[in-house]
Amino acid sequence: MTGAKGAASSPKSPLVRAVLWMAGALTSFLVMAVAVRELTGAMSAFQMLFIRSGLGFAFLLVVLSATGWGQARTQRLTGHLFRNVAHFTGQVLWIVGIQLLPLATVFAIEFTTPIWGAILAVLFLGESMNRGRWIALTCGFIGILVILRPGLGLFDPDLLVMIACAFFFGLTTVITKWLTRTESALTILFYMTLMQMLFGLAISVFDWAPVALDHWPWLVLLAITGLSAHYCIVRALGCADATIVMPMDFLRLPLIAVLGFLVYAEPLDPVTLIGAVLIFAGNYYSIRRESRGS
């Protein structure tokens with residue numbers, strides 16, 4: 001009995017490793033949001049993304065120098081271009097959303113990304129809509145209506161920014177899924193940082209703001225967490241099923257709500273939390289059905 005218990009709690013346990021990787025992902029997402037909020041007003045979203053992508057690109061150049069430049073070759077340059085236009089647009093909208101809305105609201109609406117991804121996968125990848133996906137779509141739609149509260153005189157048009165953001169993130173997911181048929185994760189990251197660095201430079205050069213010394217720690221954190229958040233999630237999924245990892249990912253919402261309350265005095269909105277729970281429930285049910293092959 002003691003031996004079984006010790007094995008289950010061992011640091012080598014896949015579940016423990018998944019929890020630790022997800023702790024890294026959650027920390028990365030929270031720090032990323034705070035970094036954007038701290039840089040608000042200091043520079044545009046385009047300048048933030050240029051510097052973030054530039055730092056990430058420099059890091060990947062070091063990695064490719066050590067692992068081989070062959071991973072930078074691609075025959076799907078157009079696919080990378082479409083992916084990064086969609087992802088860059090989503091990231092700009094995400095930054096604008098953080099500047100306009102409570103952090104908890106931003107994260108709640110962002111959880112509709114898998115729903116948009118499922119719809120677009122049906123349209124462009126020929127995937128089918130099974131029962132789980134229909135339930136996820138229905139719960140997501142109801143959850144969004146709860147958060148938006150149309151017809152009650154409480155609708156905030158700024159919420160549309162995050163709905164558009166989730167749509168473009170969903171589109172990014174679909175294009176990424178198509179690219180992974182032939183491209184490695186490092187190849188996708190290479191072209192992401194390269195292209196988005198160029199996008200950010202091309203736009204921010206017209207509205208460039210001086211970067212103060214106290215801005216650099218936040219910019220470096222933004223660059224690091226932009227890579228570490230997704231890397232940690234991939235590693236967590238490698239240790240445990242999505243049905244285990246996803247509930248841990250949902251902890252982003254209550255954690256960011258508490259952080260927003262403590263650091264920025266943002267009110268805790270129970271209606272937003274209810275809407276988010278509905279969105280999460282639909283996504284979780286869909287993932288459970290997918291994992292069972294039904």
Taking the stretch 263-293 as the search range and keeping residues that are open to solvent by 60 Å² or more (accessible area, probe 1.4 Å) and in a loop (DSSP other than H, G, I, E, B), which one is nearest to GLY143 (Cα to Cα)? LEU268
Qualifying positions in the stretch 204-227 - of a type in the set (Gly, Ala, Ser) and either open to solvent by less than 20 Å² (accessible area, probe 1.4 Å) or touching a helix residue (DSSP H, G or I) at 6+ places or on another chain (Cβ under 9 Å) (or both): SER204, ALA209, ALA223, GLY226
Which is part of a helix (DSSP H, G or I), touching a His at 6+ places or on another chain (Cβ under 7 Å) and surrounded by fewer than 21 Cβ atoms within 10 Å (Cβ to Cβ), of MET195, MET248? MET195
Which residue is least open to solvent (accessible area, probe 1.4 Å), if the candidates are limited to the stretch 13-55 and must be more than 19 Å from SER228 (Cα to Cα) and among the polar types (S, T, N, Q)? GLN47
For the stretch 112-137, name all the residues that are open to solvent by 20 Å² or more (accessible area, probe 1.4 Å) and not in a helix (DSSP H, G or I). LEU125, GLY126, GLU127, SER128, MET129, ASN130
Going through the stretch 64-91 in order, the residues found to be surrounded by 13 or more Cβ atoms within 10 Å (Cβ to Cβ), charged (D, E, K, R) and not in a helix (DSSP H, G or I) are ARG76
Within the stretch 94-109, is even one residue open to solvent by 40 Å² or more (accessible area, probe 1.4 Å), among the polar types (S, T, N, Q), assigned to a helix (DSSP H, G or I) and over 22 Å from GLU183 (Cα atoms)? yes
If THR182 satisfies all but one of (1) closer than 30 Å to TYR264 by Cα; (2) outside any helix (DSSP H, G or I); (3) among the hydroxyl-bearing types (Ser, Thr, Tyr), what's the number of the condition it fails? (1)
In this structure, does THR176 turn out to be touching a His at 6+ places or on another chain (Cβ under 9 Å), on the phi < 0 side of the Ramachandran plot, part of a helix (DSSP H, G or I) and surrounded by 13 or more Cβ atoms within 10 Å (Cβ to Cβ)? yes
Name the residue, out of LEU61, LEU55, that is more than 20 Å from the chain's Cα centre (by Cα), closer than 15 Å to MET192 by Cβ and assigned to a helix (DSSP H, G or I). LEU61
Taking into account only those residues within the stretch 180-230 that are hydroxyl-bearing (Ser, Thr, Tyr), out of contact with any Leu (no Cβ under 7 Å at 6 or more places or on another chain) and touching a residue at least 12 places away in the same chain (Cβ under 8 Å), which is nearest to ASN84 (Cα to Cα)? TYR191
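The values are calculated or read from the model by the stated rules, or taken from the named source; none is laboratory data. As the structure is a prediction and not an experimental result, all values here were calculated from the model. Glycine also receives a Cβ, built like all others from the backbone with ideal geometry; neighbour counts cover every protein chain displayed. Please note that ligands, DNA and RNA were not included when accessible areas were found on the heavy atoms of the full protein model with its side chains. Shrake-Rupley method; radii C 1.70, N 1.55, O 1.52, S 1.80 Å.
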